[in-house]
There are 2 protein chains.
Amino acid sequence: MKLATLNNGTRDGRLLVVSRDLTQAVYASTIVDTMIEALENWETVQEPLQHRYEHLNEGMLKDAFAFDPAKVMAPLPRCYQFVDASAFLNHGNIMEEAFDLDVKKDKGIPVLVQRQSDDFLGPREDYPFPCEEDNGDFEGEFAVVVDDMPMGISAKEAEKHIKLVMILNDMSMRTHLFRELGMGFGFINAKPATVFGPVAVTPDELGDSWRDGRIHLDMQVKRNGEWFGNPNGGGMDFSFGQVLSHLAYNRNLKAGAIIGSGTVSSTDWKTVGSACLAERRALDKIEFGEFRTDFLHFGESLSFEVFGEDGQSVFGAIEHKMVKAQ
Amino acid sequence: MKLATLNNGTRDGRLLVVSRDLTQAVYASTIVDTMIEALENWETVQEPLQHRYEHLNEGMLKDAFAFDPAKVMAPLPRCYQFVDASAFLNHGNIMEEAFDLDVKKDKGIPVLVQRQSDDFLGPREDYPFPCEEDNGDFEGEFAVVVDDMPMGISAKEAEKHIKLVMILNDMSMRTHLFRELGMGFGFINAKPATVFGPVAVTPDELGDSWRDGRIHLDMQVKRNGEWFGNPNGGGMDFSFGQVLSHLAYNRNLKAGAIIGSGTVSSTDWKTVGSACLAERRALDKIEFGEFRTDFLHFGESLSFEVFGEDGQSVFGAIEHKMVKAQ
């Protein structure tokens, strides 16, 4: 099924069930009020929500209304834990080659970054940042959302806790990122608010494209309406289950925790491009010996969308504009 | 006033108003149900809660009952953002000298670490971790809690958003910490759940000990009932306002965000000791040329407590035991 969160002026919004083709929606509120409550009570609400979803798809619900991605918040407007992985090693390899970085990685251990989760942005909100010299960048990613997951869980068991899949633009400020990476303590000014696609979907919505704990679909990225890249999510070097198991080694994860894939990246970059500017700039340097790609300017627009094997948009599109913070 | 969260089996618990001497408590529920709701509606609830607190202190409330720190959760059992600073540069300096670390710091920029906030532990819960070889360690710290705070705020303005002060034991797994520090992306396995003291207090409860955005009180740390250290919180090289302003450069902070001070640390360590084992071990190495202090073993107990200028316990004590995770 597909779920979204209507912006009704509250911090957690109001849960919507959205039709498979993303044209219609209904309130879920006879079952549960918000996305976080749904995840906290998944065993109870999953079935009635699924029924409502099926009836919506069949055109049987009189209280259905047109779904408007401009009126939704992030599917989870806030949550209690957000960790972003860097599960496409190709991205890191390109960055290290171009910028002569010496990132000490332990083979077999995924790189994860703890992130803030109190202020996620919706798919059509303007994206504010203070100044262009911060070198704003995007990162097209997939993410999963889990329910309560105990410490010490295996990758295989962890995968069973994945209840929803989303897309996101993990915005970065590269000027701060390189400085903060050198300090060793992770990202603060490098990572302002994260932007999520309109709907979250249960893994079954992805059909055969959800396998091996990976989403085998292209992340379609456009900059100012022009193709920028369409790398495939199947190239993760670590599955979401593996990432979750590493994370949960000595911590419990609570319902609503979001785990990102890291920038989708492909070794076949000459054909499929990239999902972030820093990687494209690194490739510029490797390919041409110079940067040919600018970081983001105010007024620029970005879009991120993923199409299923049936050609249908799975999550709806993130379509937003960069603006100067007031 | 002093506030705590009763463990009533729910994820957010039930808000209690606690008497100044920590002996009595009353439900706050005629005013507001939970700590997070209180912070989200601080302007509305602050005054009625304060009145209830005053009546409780005056012995006027018939529905008061004995306050039991064994029955409370962390004051905020979970929240949407937790950032830990390393605002006592002395701690970092000792660590770098002893372990020959090359941490690239920018002078004038506080070191902050983004942390998970979905699974905080209460002051008397056993602390589980998988194995002793992870080199478990404690860090006695102060923390502040803010209400909604906009992007780009000054240190002076940020300080006005500090609504509550708490103490915490920021548990660390040092084996993972050194590895993860080398990777640059912050802490994952190095930082399991954080443990908070029984009550959160408004800054006015600290009297003159709250000044310059710092808590000028000793953090009393005991290991297995024996004195380990009592460094003073006033030695922060960055005030909480400065830390908050740096953090909010390009992000909004939402109500309930927690910001830790980092391990309380003093240059006068020969007299006042330390608030963490790693620092004591570093000092062992500097002083004696060898480590004389073990990391934590299962079965060991720790306590953290802070006394006001009147000799009264301000936050109540964290008193907990290390156990093997099941």
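The values are calculated or read from the model by the stated rules, or taken from the named source; none is laboratory data. Predicted model, so just to flag it, every value in this text is computed and none were measured. Ideal geometry is used to build each Cβ from the backbone, glycine not excepted, and the neighbour counts take in all protein chains shown. Ligands, DNA and RNA are excluded from the accessible area calculation, which covers all protein heavy atoms including side chains. Shrake-Rupley method; radii C 1.70, N 1.55, O 1.52, S 1.80 Å.
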Task: Student exercise, chain A dipole from Lys, Arg, Asp, Glu Cβ charges, in Debye to nearest 20 - done: 380
- [ ] Enter the mean number of other protein chain beta carbons within 10 Å of the beta carbon of each residue in A:174-182, as an integer.
- [x] 3
- [ ] With a 1.4 Å probe on protein heavy atoms only, tell me which residues of the range A:122-136 lose at least 30 Å² of accessible surface in the complex relative to the chain by itself.
- [x] A:Pro130
Open item on the list: Inside 10 Å of the C-beta atoms of A:105-118, what's the mean count of C-beta atoms belonging to other chains?
Closed with: 6
Open item on the list: Counting only helical runs of four or more DSSP H residues, what would the 222 nm mean residue ellipticity of the protein assembly as shown come to if each run contributes -39,500 (n - 2.57) and the total is spread over all its residues?
Closed with: -6500 deg cm²/dmol
Task: the range A:32-46 - phi-based ³J(HN,Hα) in whole Hz, Karplus 6.51/-1.76/1.60, Gly and Pro as x - done: 7, 7, 9, 4, 5, 5, 4, 5, 6, 10, 4, 4, 7, 8, 4
Open item on the list: In chain A, once you exclude exposed GluC sites (Glu not before Pro) (DSSP loop, at most 15 other Cβ within 10 angstrom), what's the longest stretch remaining?
Closed with: A:59-289
Task: Spin-label pair B:Cys131/B:Glu97, simplified geometry with 7 Å Cα→Cβ offset, distance in nm - done: 3.5
Task: Positive-pole candidate from A:Val314, A:Ala190, A:Gly92, dipole of chain A, charges at beta carbon - done: A:Ala190
Task: Rounded if a/c under 1.5, otherwise prolate or oblate - the range A:2-71, Cα gyration tensor axes - done: oblate
Open item on the list: At q = 0.12, 0.20 Å⁻¹, what log₁₀ I(q)/I(0) does the range A:73-203 have when each alpha carbon counts as one equal point scatterer in the Debye sum?
Closed with: -0.53, -1.36
- [ ] Please say if the range B:255-298 is rounded, prolate or oblate, where rounded means a/c under 1.5 for a ≥ b ≥ c the square roots of the C-alpha gyration tensor eigenvalues, and otherwise the choice is prolate for a/b larger than b/c and oblate otherwise?
- [x] oblate
Task: Rounded Å value of the spacing that divides the Cα centres of the range B:284-326 and the range A:287-320 - done: 50
- [ ] Write down Rg/Rh for the range A:124-164, rounded to two decimals, with Rg from the C-alpha atoms and Rh from the Kirkwood relation over Cα pairs.
- [x] 1.24
Task: Relative contact order (%) - criterion: Cα under 8 Å, at least six apart; region: chain B - done: 23
Task: Heavy-atom accessible area per residue - the protein assembly as shown, 1.4 Å, Å² - done: 36
Task: C-alpha center-to-center spacing [the range B:213-278, the range B:78-127] in angstrom - done: 9
Task: Summed buried accessible surface, chains B and A, 1.4 Å probe, nearest 100 Å² - done: 4900
Open item on the list: What lysines does B:Lys222 reach when the alpha-carbon gap must be under 17 Å and sequence neighbours fewer than 8 apart in one chain are set aside?
Closed with: B:Lys270, B:Lys321
Task: Stokes-Einstein D in µm²/s, Kirkwood radius over Cα pairs - the protein assembly as shown at 25 °C with 0.890 mPa s viscosity - done: 97
TODO: With only Lys, Arg, Asp and Glu charged, each at its Cβ (+1 for the first two, -1 for the last two), find how big the charge dipole of the range B:102-188 is about the Cα centre; round to the nearest 20 debye.
DONE: 500
Task: Computed FRET value (nearest 0.05) for A:His51 with A:Arg11, which takes r as the C-beta separation and R₀ as 25 Å - done: 0.35
Task: Tilt relative to chain A, helix A:174-183 - C-alpha long axis, 0 to 90 degrees, to 10 - done: 80
Open item on the list: Could you derive backbone 3J(HN,Hα) for the range B:125-135 from the dihedral phi with the Karplus parameters 6.51, -1.76 and 1.60 (θ = phi - 60°), listing whole Hz in sequence and x where the residue is Gly or Pro?
Closed with: 6, 4, 9, x, 9, x, 7, 5, 5, 6, 6
Open item on the list: Can you tell me how the range A:82-324 classifies by the Cα gyration tensor, rounded, prolate or oblate, using a/c under 1.5 as the rounded cut?
Closed with: rounded
Open item on the list: Give the average, rounded to an integer, of partner chain Cβ atoms located within 10 angstrom of each Cβ in B:244-257.
Closed with: 5
- [ ] Would you work out the charge dipole size for the protein assembly as shown about its Cα centre, treating the Cβ of every Lys and Arg as +1 and the Cβ of every Asp and Glu as -1, and quote it to the nearest 20 debye?
- [x] 140
- [ ] Excluding residues fewer than 8 places away in the same chain, name every one of the lysines whose C-alpha is closer than 25 Å to that of B:Lys105.
- [x] A:Lys104, A:Lys105, A:Lys191, B:Lys156, B:Lys191, B:Lys285
- [ ] Pop out the ³J(HN,Hα) list for the range A:139-156 in order, Karplus 6.51 cos²θ - 1.76 cosθ + 1.60 with θ = phi - 60°, rounded to Hz; leave Gly and Pro as x.
- [x] 9, x, 9, 9, 8, 10, 10, 10, 9, 4, 9, x, 3, x, 7, 7, 4, 5
Open item on the list: Within the protein assembly as shown, what whole-number % of the accessible surface is contributed by carbon and sulfur, with the 1.4 Å probe and all protein chains included in the calculation?
Closed with: 46
